[in-house]
Amino acid sequence: MNIPYRIQLDEEQIPTQWYNIRADMPEQPDPCLNPATGLPVTLEDLTPVFCEELAKQELDATTRYIDIPGPVREYYKMFRPSPLIRAYNLEKALGTPAKIYYKFEGNNTSGSHKLNSAAAQVYYAKEQGLTSLTTETGAGQWGTALSMAAAFFDMDLTVYMVRGSAEQKPYRRAVIETFGADIIPSPSKTTEVGRAILKEHPNTSGSLGCAISEAVEKAVSTPNCRYVLGSVLNQVLLHQSIIGIESKAAMDSIDEYPDIIIGCAGGGSNLGGLISTYMQDSLKGKSDTRFIAVEPASCPSLTRGRYAYDYCDTGKITPLERMYTLGSQFMPSADHAGGLRYHGMSPILSKLYHDGYMEAVSVQQTKVFEAAVMFAKHETILAAPESAHAIRTAIDEALLCKKTGEEKTILFGLTGTGYFDMQAYSSYLAGGMTDYIPSDAELEAGFCHLPNVELMRSASKV
Ligand SMILES: *Cc1c(COP(=O)(O)O)cnc(C)c1O
């Protein structure tokens, strides 16, 4: 069969339902806990923070397929189905017998897969009659995606942007403002938690965990306002399953089935989405595909973190999730350029990894940028540094195939483009980029802050 470079599905092939992987997991992730009581959260606990439909999706472990609302699917038509591309030129450059495919999610202005969940989350908030949303953004893709969806569905939006990132990426900020959202560099004086963090660390460049604390506080203290999060949560993996469903349809159309699926992992949403339907096969014993999460060596939550209950934010106001974590107070080295800097990991992926259904590797950033530059030259796409983590590992696996002569089929997620990350590219090209690997002692310092759930429960009973 003559396989084209671009395997492009038609508009009618955009899925009509998302896939909820929890329905097929032999064991469920441990429940999310209310930080005040240490007991599993209820719908009533979640609805002051999240809009109702999303709170329901968060807790729904049994409905296997959930309908994509008509207006959301219509919105998707402007940038989906996203292409699946055969990396013929990269294969040739590597001299590998492996077949490499990538699902490219960078074909929209946000430059990433995040628009898939942003559209859904804004739509449900609008349907409920809410008038405004708050969120955090790190590198800026989520803030951009959400500002696009908020503009389209006519919803006010305040974005707490990690200060360091807001200062480094003025144009990213301008894009978000173009779509009409307000940006507040975090930590800020607009919230109690922000003021407290600033008092303790006046010169901090901020962190995602800290921006989350501020956005949540703002949401619960503003009438008709809710908070939305772009990764980690079950609902976000649900929305991102569209990546995997489309990938499988496209691969099926050319009679291909991946031996290895690779994705970068920050909070786990693109990877959880990409593997979704293939993991379903694997959980049912129908395939033995390898699933590989790739994370930065400087923020190694899966490969070196603890599988424990932890806060999702630095300010310790969010519920607790059992996940692989470096501790909610962990801050990656300032030298780290490539995103994926969240301290925790999706509870679903954490559980799959813990139970041996998934592998994880960590890679150093100079190797990541080396891969990104090679990829750009041969495949013409200037990848986001986050996505380049997956490129790195795809190349490494393809080179292994070259050694062994195995003709494996590799699928990886190319989550987005890196036009706002040129400072990092410049630093790499000028030879100024360094690799930082935290010591065991540094990580240990982060684990010290892990909450004691038993204590929490007994304290709340007194
Ligand atoms: C946000 C982002 C990621 C990481 O987030 P996940 O939730 O782990 O997918 C990866 N790539 C790009 C381009 C992103 O914007």
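The values are calculated or read from the model by the stated rules, or taken from the named source; none is laboratory data. Because the structure is a prediction, the values reported are computed rather than measured. So basically every Cβ, Gly included, is an ideal-geometry build from the backbone, and we count neighbours across all protein chains shown. Side chains included, ligands, DNA and RNA excluded: accessible areas come from the protein's heavy atoms. Shrake-Rupley method; radii C 1.70, N 1.55, O 1.52, S 1.80 Å.
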*Collect residues whose amide H, placed 1.01 Å from N in the peptide plane, falls under 5 Å from the amide H of I262; neighbours closer than 5 in sequence don't count.*
I292, L411, F412, G413
*Let a ≥ b ≥ c be the square roots of the eigenvalues of the Cα gyration tensor of the chain; is it rounded (a/c under 1.5), or, if not, prolate (a/b larger than b/c) or oblate?*
rounded
*For region 226-242 and region 185-216, write down the distance between their C-alpha centroids in whole Å.*
23 Å
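So for the chain, averaging the separation of alpha carbon pairs under 8 Å that are six or more residues apart and normalising by length, what relative contact order in percent results?
On the way: 990 pairs, mean separation 91.8, N = 462.
About 20 percent, as a whole number.
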*Probe 1.4 Å - accessible area at R457, Å² to nearest ten*: 60 Å²
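Let me check against my output: what whole-number percent is the relative contact order of region 361-462, with C-alpha pairs under 8 Å and at least 6 apart?
Numbers: 76 pairs, mean separation 28.5, N = 102.
Averaging sequence separation for qualifying contacts and normalising by length gives 28 percent for region 361-462.
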*Using a Förster distance of 45 Å, how high is the FRET efficiency between L43 and T303, based on the Cβ-Cβ distance and rounded to 0.05?*
0.85
_Candidate lysines for bridging to K403, where Cα separation is under 19 Å - those fewer than 8 sequence places away on the same chain excluded_ = K92, K99
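By how many nm would the segment from T222 to R457 lengthen if fully extended, with 0.36 nm per residue of separation less the alpha-carbon distance? All intermediate terms of the calculation are to be shown ahead of the outcome.
Numbers: separation 235, 0.36 × 235 = 84.60 nm, distance 2.93 nm.
Extra length from T222 to R457 when fully extended: 81.7 nm.
Going by a ≥ b ≥ c, the root eigenvalues of the Cα gyration tensor, does region 71-193 fall in the rounded group (a/c under 1.5), the prolate group (a/b larger than b/c) or the oblate group? Let's see the in-between values first.
On the way: a/c = 3.09, a/b = 1.60, b/c = 1.93.
Oblate is the answer for region 71-193, as a/c is 1.5 or above yet b/c matches or exceeds a/b.
Kindly work out what percent of the DSSP beta bridges joining two residues of the chain are antiparallel, to the nearest 5.
Working: 18 of 51 bridges.
Roughly 35 percent of the DSSP beta bridges within the chain come out antiparallel.
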*Rounded to two decimals, what ratio of Rg to Rh does region 241-296 give with C-alpha atoms and a Kirkwood Rh?*
0.96
*What is the distance, in nm, between label points placed 7 Å from the Cα along the Cα-to-Cβ direction at D182 and at D67?*
3.6 nm
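Per the 1.4 Å probe, what fraction of the accessible area of the chain, in percent, lies on carbon and sulfur atoms?
Working: 8860 of 17530 Å².
Carbon with sulfur: 51 percent of the solvent-accessible area.
Given R₀ = 22 Å, FRET efficiency for Q28-C448 by Cβ-Cβ distance, to 0.05?
Working: r = 29 Å, r/R0 = 1.30.
Efficiency at R0 = 22 Å is approximately 0.15.
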*Take peptides 348-358, 239-249 and line them up by average Cβ neighbours within 10 Å, highest first, as a rough protection proxy.*
239-249, 348-358
*What order do you get for 166-174, 201-209 when each peptide is scored by the mean count of other beta carbon atoms within 10 Å, highest first?*
201-209, 166-174
_Restricting to DSSP H runs of at least four residues, report the calculated mean residue ellipticity at 222 nm for the chain, -39500 (n - 2.57) per run over all residues, nearest 500 deg cm²/dmol._
-12500 deg cm²/dmol
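With every protein chain left in place, what is the accessible area per residue of the chain in square angstrom, probe 1.4 Å? Before the final figure, lay out the partial values.
Numbers: 17530 Å² over 462 residues.
Averaged over the residues of the chain, the accessible area is 38 Å².
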